[in-house]
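For reference, the structure discussed in these notes is given below.
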Amino acid sequence: DEEELQARFDAVIAADQKIEPRDWMPDAYRATLLRQLAQHANSEIVGMQPEANWISRAPTLKRKAILLAKVQDEAGHGLYLYAAAETLGVDRSQFLDDLDAGRQKYLSFINYPTLTWADTGALAWLTDGAAIVNQVPLCRSSYGPYARAMVRVCKEESFHHRQGFDALWALTHGTDAQRAMAQDAIDRWWYPALAMFGPPTRDSVHTEASMRWRIKRFTNDELRQRFVDICVPQAEALGVRLPDPDLRWNEERGHYDFTEPDYDELRRVIKGDGPAGRQRVAHRRRAHQAGAWVREASAAHAAKRRARAAA
Ligand code: 3HC
């Protein structure tokens with residue numbers, strides 16, 4: 001009965017083992033997983049746009065090849081995550097319809113524009129860096145398909161982060177104009193990257209339950225602090241300034257003190273605001289419609305192969 005199933009589920013979570021698709025799970029656990037997996041997958045898919053904007057204008061063939069590979073990886077991450085979400089019994093076409101209709105979210109940073117080439121470096125260094133800090137604990141998430149998808153995603157994300165650092169390194173070791181361009185990009189991307197970790201823990205509606213279920217392992221604030229602590233020495237190595245006059249080492253806490261992102265702005269951007277918000281969703285809808293013939297052709301091809309195999 002329900003009580004026994006719940007007890008078995010609780011025991012699996014308490015033993016730090018995995019819940020698998022065929023296992024019984026509470027409705028609220030399934031709902032929160034679907035919510036987070038859909039948001040996560042959508043972020044990878046819509047998150048291709050800010051950098052794809054620069055593929056045709058990359059400064060060298062090598063940078064172009066790297067950027068192409070990175071953007072393709074993000075499409076792949078979206079697909080692993082939709083596949084993980086499908087194990088909960090919802091078809092990916094439903095997620096895509098919900099995304100296009102504005103019923104589902106994606107991460108806020110994506111609604112900011114990429115204005116210069118240096119933005120591709122700053123985005124990869126900062127937002128992929130933040131994504132790694134967030135996603136490494138998700139490799140131990142209690143839901144098996146989510147945790148396993150994260151292992152590969154994190155490996156690829158580390159390459160993305162590293163190439164962003166490398167692109168910025170080239171600029172900060174270049175001309176004065178290149179150094180200024182790198183600094184300007186970091187000035188604009190620092191706070192959107194900090195906001196990726198979500199609202200402060202005290203205002204986070206889902207953290208308590210998600211931590212109890214071991215979907216999340218750390219609070220939004222813990223991960224944000226970890227990210228800041230990691231970034232400071234990397235910024236020093238790059239020779240750039242993080243745009244926060246109050247950023248300083250706190251001996252007592254053993255962490256850097258820093259200025260929190262503007263959470264009112266985050267709330268607005270989550271609702272679709274942000275300089276590039278409308279453009280991102282419109283582009284996503286256009287790309288989906290333009291790809292209809294590919295989906296139809298591959299479905300027709302699969303049907304033909306099935307018919308041939310059956311004959
Ligand atoms: N942007 C958009 N929405 C956000 C957000 C943000 N930065 N932070 C929080 N939210 C939303 C939550 O989704 C939730 O909305 P909902 O109730 O409608 O689902 C609401 O705000 C309340 O926030 P909570 O803190 O209570 O929500 P969570 O406990 O789910 O924590 C989270 C938020 C930390 C973002 C968590 O959902 C999470 O870890 N998600 C997966 C992270 C992710 O998407 N990573 C992908 C990175 S993208 C990427 O790598 C592409 C890059 O390479 C270009």
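A few points about this structure:
- All conditions in (1) at pLDDT below 95; (2) closer than 18 Å to Ala130 by Cα; (3) not β-branched (Val, Ile, Thr) hold for Tyr256, with the sole exception of (1).
- So Val281, is it closer than 20 Å to Gln49 by Cβ and surrounded by 10 or more Cβ atoms within 10 Å (Cβ to Cβ): yes
- Residue match in region 209-225 (condition: within 16 Å of the ligand (Cβ to nearest atom), hydroxyl-bearing (Ser, Thr, Tyr), within 17 Å of Leu138 (Cβ to Cβ) and surrounded by 20 or more Cβ atoms within 10 Å (Cβ to Cβ)): yes
- Any hit, region 244-262, residues being closer than 27 Å to Tyr146 by Cα and within 19 Å of the chain's Cα centre (by Cα): no
- Given (1) in a helix (DSSP H, G or I); (2) crowded, with 23+ Cβ neighbours inside 10 Å, index of the condition Val136 fails: (2)
- Taking region 184-207 as the range and being near the ligand (Cβ under 9 Å from one of its atoms) and assigned to a helix (DSSP H, G or I) as the test, the residues that pass are Pro192, Ala195, Thr201, Asp203, Thr207.
- Elements of type helices (runs of 4 or more DSSP H) contained in region 1-93, each with 1 or more residues being out of contact with any helix residue (DSSP H, G or I) (no Cβ under 7 Å at 6 or more places or on another chain) and farther than 26 Å from Val269 by Cβ: 2-14, 27-46, 61-86
- Considering the conditions (1) assigned to a helix (DSSP H, G or I); (2) within 24 Å of Ala75 (Cβ to Cβ); (3) in contact (Cβ under 8 Å) with a residue 12 or more places away in the chain, Ala299 is excluded by exactly one of them, (3).
- Residues within region 22-71 that are of a type in the set (A, V, I, L, M) and within 13 Å of the ligand (Cβ to nearest atom), tallied: 14
- Which listed residue, of Glu265, Glu260, Glu252, is acidic (Asp, Glu), within 14 Å of the ligand (Cβ to nearest atom) and loosely packed, with under 15 Cβ neighbours inside 10 Å: Glu260
- The residue that is surrounded by the fewest Cβ atoms within 10 Å (Cβ to Cβ), among those in region 15-59 that are under 28 Å from Ser108 (Cα atoms) and basic (Lys, Arg), is Arg57.
The values are calculated or read from the model by the stated rules, or taken from the named source; none is laboratory data. What you see is a predicted model, and the numbers here were worked out from it, not measured in a lab. All Cβ positions, even for glycine, are placed from backbone atoms using ideal geometry, and neighbour counts span all protein chains on display.
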